[in-house]
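Q: The structure's right below; bear with me while I get my questions together.
The values are calculated or read from the model by the stated rules, or taken from the named source; none is laboratory data. If you're wondering where the values come from, they're calculated on a predicted model, not measured in any experiment. Here the Cβ is made from the backbone with ideal geometry for all residues, glycine too, and neighbour counts use every protein chain on show. Accessible surface areas use protein heavy atoms only, side chains included; no ligands, DNA or RNA. Shrake-Rupley method; radii C 1.70, N 1.55, O 1.52, S 1.80 Å.
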Amino acid sequence: MTFFSFVALSDGEISALFLSIKVAGVAVLWGLPFAYFVALLLARGHFLGRGFLNLLVLMPLVLPPVVTGYILLIAFGGNGFFGKFLSENFGISFAFHWTGAALASGLMAFPLMVRPIRQVLESIDEKLIDAAKSLGAGYFTTFWSVILPLSVPGILVASILGFAKALGEFGATITFVSNIPEETRTIPLAIFSFLQSPNNDLQLWRMTVLSIFLAIIAVFLSELFTYRSKNNQRKYHD
Amino acid sequence: MIDIDISGKRGGFSYRVAFRSSKRVTGIFGRSGAGKSTILEAVSGALKPEKGHININGVCYCDHLKGHNLSQQKRRVGYVFQDARLFPHISVQSNLTFSRWAGRRSSGDIAFDDVVALLGLEDFLERKPDSLSGGEKQRVSIGRALLSNPHILLMDEPLSGLDYQRKSEIMPYLEAMIKNYDLPVLFISHDLNEIAHLCSHLVLLEKGRVQKSDDIGIVFPLIEGRFAGNYQLPSVLIKASFQKQDAVYSITWLKVGTQKIVVPDLLPESEEDHTLRIEADNVALCLSKPEGLTIQNVLKVEVMDFRRAGDSSVDIVLNLEGQCLMARITRKAFEDLDLKKGQDVYSLIKSVAVAVL
């Protein structure tokens, strides 16, 4: 056995890798605008029910993933209220489909995406916003010209953390959309499948190393951006 | 014309501030917590006073009786903050033009190139604010406020974050700006020299109330007490015109009315009056014209009024050809000399104690 054949991924493994990247990518792209909006409400909004919204956002972090998956199944499954509505009106179906895996992993990653955006929004100096107002900028212009550009570091960190989390999501995904090869079998689900049958040690190791590798890259990038944005702020406050 | 009459409560602090000023630069002076910034915030619209009105050059900013309150971005206010508050993510140029591209304001009569030249900003238009020094940031911030085509400039201790060197660097820019643009300015400062230098009207504020609001020459001598850590003796401002330089001794002769005063500095010849600041404890009085003194400045004055200053001293208010001079002497000396109102005396002022602003 040559070294190449030792590290070369099988078709099933390659499909799991690309499916994972697709699922996590879609989860982050769709999740980010919602996460930004919620972070904006939590960081700068003053309204009744702010505490409740915060609690709701944190739920996927503390609930057993299987419960989140089950709730998704009830709400977005073929017979679920939202599932029916979306498939009848927009032709989008989630049940046993990779889009369902994206929804499940996006929801599980949501609290991790809201947090860094919220932090960067809270760190924006209120005085800068006063300055913008005194220069004639209205609420929306202040948002586009000051708040959004200054929250870019938080958005980057949120994307990286969210992507990493979505790549690794297991419980809610398998509960919601099952473990279908080339449709919903992402890397963690593939690892789970390899574990279920004997003589798969090689594949198991390859997938495990791949997961660790992706996780390290994600954490490194997110730390880098966090460090950079903190550095920028320090410079500004001096 | 600035016409402010506002009152309200803010936390545990209640204020009732009313004054009018038709001068170019109106200074607001008082201890920290006297409510100086509250006035500027009310003018800018960041704070809504409970009662009263604010009119700037005939435009009503707010009037609670009419239920009128102009929104913050519709008030044409150029605000210069103590911390420059430049937007860190955009270039100096974009900061300067922020009110145009974000605020949709036309710059009106104020041309971009003129402001850039006036404030000396040519060299850092492309740079990010982070790379500027404190003084440079503040110059950009003044330019940004000017370019928003304001009807009034609000300056909240614009120089207090800077060291002495940087202050004196910015001062000429501030003067040039005030000279070039016909805008009313509300100027807050802890520094009496800055106030004396720039302001022509002064509002003295204490605990949210106006103590006095009048020409700076009238209000300035009333300032006494502990401000920003230093004990401030009363001092007066005297306008004096240039007469001649004496390069040999490095002194300059100035004229106050018909009398001469000498200052230890070579001042440039100028049409405009110089402002001199003289503290009351540097002025001595003499009943007859003295001879053989080291003191160069002997000016004939008339006694106008006296004020007790503590147990042992008396402040004598003097008329120096229409301008106010003040001498702080001991009560003992006051009684020995038996000074009377309307009496002519000679005031002795050490040249080195005369500060030229």
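Q: Among (1) in a loop (DSSP other than H, G, I, E, B); (2) over 24 Å from the mean Cα position of the chain (by Cα), where does B:Asn95 come up short?
A: Failed condition: (1).
Q: Next question, about the same structure. Looking at B:Ser235, is it among the hydroxyl-bearing types (Ser, Thr, Tyr) and farther than 28 Å from B:Ser7 by Cβ?
A: Taking the combined requirement at face value, the residue satisfies it.
Q: Now for a separate question. From B:Glu302, B:Glu291, grab the single residue that is more than 25 Å from the chain's Cα centre (by Cα) and assigned to a strand (DSSP E or B).
A: B:Glu302 is the lone residue from the list that is more than 25 Å from the chain's Cα centre (by Cα) and assigned to a strand (DSSP E or B).
Q: Still on this structure, I have one more. Which residue, of A:Ile155, A:Ile147, A:Ile174, is part of a helix (DSSP H, G or I), farther than 30 Å from A:Ala75 by Cβ and either at the interface with chain B (Cβ under 10 Å from one of its Cβ atoms) or at pLDDT 90 or above (or both)?
A: Matching residue, one of A:Ile155, A:Ile147, A:Ile174: A:Ile147.
Q: If A:Glu13 passes every condition in (1) closer than 30 Å to A:Trp205 by Cα; (2) in contact (Cβ under 8 Å) with a residue 12 or more places away in the chain; (3) charged (D, E, K, R); (4) open to solvent by 20 Å² or more (accessible area, probe 1.4 Å) but one, which one does it miss?
A: Condition (4) is where A:Glu13 drops out.
Q: State which residue is farthest from the other protein chains (Cβ to nearest Cβ) when the search covers only the range B:98-133 and only residues that are under 17 Å from A:Leu128 (Cα atoms) and in a loop (DSSP other than H, G, I, E, B).
A: Among them, the one singled out is B:Lys128.
Q: Just for the range B:152-172: of the residues that are within 13 Å of chain A (Cβ to nearest Cβ), touching a strand residue (DSSP E or B) at 6+ places or on another chain (Cβ under 6 Å) and of a type outside the set (D, E, K, R), which one is nearest to B:Met1 (Cα to Cα)?
A: Here the residue is B:Ile152.
Q: In the range B:158-175, how many residues are in contact with a Leu (Cβ under 9 Å, 6 or more places away or on another chain) and surrounded by 14 or more Cβ atoms within 10 Å (Cβ to Cβ)?
A: Matching residues across the range B:158-175 total 9.
Q: Identify all residues within the range B:57-82 that are open to solvent by less than 60 Å² (accessible area, probe 1.4 Å) and at the interface with chain A (Cβ under 9 Å from one of its Cβ atoms); write none if there are none.
A: Of everything in the range B:57-82, those that are open to solvent by less than 60 Å² (accessible area, probe 1.4 Å) and at the interface with chain A (Cβ under 9 Å from one of its Cβ atoms) turn out to be B:Ser71, B:Gln72, B:Arg75, B:Arg76, B:Val77, B:Gly78, B:Tyr79, B:Phe81.
Q: Does A:Val62 fit the bill of being without any contact (Cβ under 8 Å) to a residue 24 or more places away in the chain, closer than 21 Å to A:Ile174 by Cα, open to solvent by 40 Å² or more (accessible area, probe 1.4 Å) and not hydroxyl-bearing (Ser, Thr, Tyr)? So that I can check it myself, show each step before the final result.
A: Working: without any contact (Cβ under 8 Å) to a residue 24 or more places away in the chain: yes; closer than 21 Å to A:Ile174 by Cα: yes; open to solvent by 40 Å² or more (accessible area, probe 1.4 Å): yes; not hydroxyl-bearing (Ser, Thr, Tyr): yes.
Taking the combined requirement at face value, the residue satisfies it.
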